[in-house]
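The values are calculated or read from the model by the stated rules, or taken from the named source; none is laboratory data. Bear in mind that the values here come from a model prediction, so they are computed numbers and not experimental data. Here the Cβ positions follow ideal geometry from the backbone for every residue, glycine too, while neighbour counts run over all protein chains shown. Surface areas here come from the heavy atoms of the whole protein model, side chains and all, with no ligands, DNA or RNA. Shrake-Rupley method; radii C 1.70, N 1.55, O 1.52, S 1.80 Å.
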Amino acid sequence: MRTQVGIIGAGPAGLLLSHLLHLDGVDSVVIEERGEDYVRHRVRAGVLENTTTDLLREVGLGDRMDREGLVHGGISLRFDGADHRVAFEELVGRNVTVYGQQEVVKDLIDARNRDGGQILFDVSDTAVHDIDTDRPRITFRDADGQVQELVCDVIAGCDGFHGPSRKAVPHDAYDHTYPFAWLGILAKAAPTREELAYTYHERGFALYSMRSPEITRLYLQVDPDEDLDEWPDDRVWAELHTRMAVDGESPVLEGPVLDKGITAMRSFVAAPMRHGRLFLAGDAAHIVPPTGAKGMNLAVADVRLLARALTELLKRNESRLVESYSDAALRRVWKAEAFSWKMTSMLHILPTADAFQRQIQLAELRYTAGSRAALTSIAENYVGLPW
């Protein structure tokens, strides 16, 4: 097999990159180890930055998002038994859209199928070769178990932290593991709030979120080694009510639990994001804790840069953008890492924190809620820094 850009991974990064390259007249093939049904329905992030929604509209992917997405003009920080709103539109004149990652992926798969794109699902044993040459290769077994070879001009590794791409790029690893995790549920219950609420509570952090007018997404801070079997639905609901209540009233409406899982919390950056003709994007290069809603948005920012760089290289033999890709992407990555770390550290109870440290957290929250400058900083980072 032969293509210009071989893309490993059919998540938002890989699929959007393939779509952007198609619009610029560059051929690509996407390979993915999971099946199409799994990829279409895996529940991940749900908050799209203003910059992300603008880009999706520009490239013809915004119609369903605009019909079904929930536009939010702010978030709330809940502490001291009160709700403190961060008003994005008032502070920075922009907003965010709640539209699940799986919905973005569905739109992208449909667009690639409509445009004749090649997405090969259910592959295995993926490996990269000859990335220091101008003819790098990807080998894999297809859905029928047959060994295949894809010869490319360039390889884009969009295959997440555990994929083969990151392991093939010599890099410095900047890694931080947090001493807590999130227990998340997806519930068939209509949201009672119009915006997300981030709660600091003495029993641990909680987040009120949603995915649609019928579905809520709720999270609790738990120990990283927590056993999910120890959290039956009744216990989850009781803990959510306790942590999120203000003046004795909880915003949580109970309903059938559709999904439940525990997510570890970590920050990770691989630098550089390129070696030879292999380029990393999305979770293959960096991971953020979900508190700042940056994961998918960073992937979109990466491939926006990468698509332009690869188009310049493959259509005009111009390497300037390719050479600067890693440095340019990492500048945004580190800003997002800093914001995500700040939000995580400010809102979670650290298991080792003493009484002094907890008072410092509360002091920072109180200062933030009372300072227009601090609120503006949160708002401009949350809605998305300019490209």
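Here the chain is treated with +1 on each Lys and Arg Cβ and -1 on each Asp and Glu Cβ, and its dipole about the Cα centre works out to around 900 debye. In this structure, residue 366 and residue 338 have a Cβ-Cβ separation that, at R0 = 22 Å, corresponds to a calculated FRET efficiency of about 0.55.
Quick one: go through the stretch 274-297 and flag any residue whose amide nitrogen is under 14 Å from the point 7 Å out along the Cα-to-Cβ line of residue 34. In the stretch 274-297, the label zone of residue 34 (backbone N under 14 Å from the point 7 Å along Cα→Cβ) covers 283-284, 296. Taking every DSSP helix (H) stretch of at least 4 residues in the chain, weighting each as -39,500 (n - 2.57) and dividing the sum by the residue count yields a mean residue ellipticity at 222 nm of -12000 deg cm²/dmol. Of all beta bridges that DSSP places with both ends in the chain, some 75 percent have antiparallel geometry. Each peptide in 273-285, 346-358 receives the mean, over its residues, of other Cβ atoms within 10 Å, and ordering these scores from highest gives 273-285, 346-358.
Magnitude of the charge dipole for the stretch 1-158, about its Cα centre and with charges confined to Cβ atoms of Lys, Arg (+1) and Asp, Glu (-1), is about 280 debye.
A protection proxy built from the mean count of other Cβ atoms within 10 Å ranks the segments 122-133, 137-148, most packed first, as 122-133, 137-148.
By definition, a body whose alpha carbon gyration tensor gives a ≥ b ≥ c is prolate when a/c is 1.5 or more and a/b is larger than b/c, and the chain fits this prolate description.
Using a probe of 1.4 angstrom, how much of the accessible area of the stretch 246-304 is carbon and sulfur, in percent? Carbon and sulfur atoms account for 49 percent of the accessible area of the stretch 246-304. Ranked by the mean number of other Cβ atoms within 10 Å of their residues, highest first, the peptides 200-209, 14-23 come out as 14-23, 200-209. Only the Cβ atoms of Lys and Arg (+1) and of Asp and Glu (-1) were treated as charged; on that basis the dipole of the stretch 168-309 about its Cα centre amounts to roughly 980 debye. Accessible area per residue for the chain is 42 Å², calculated with a 1.4 Å probe on protein heavy atoms, without ligands, DNA or RNA.
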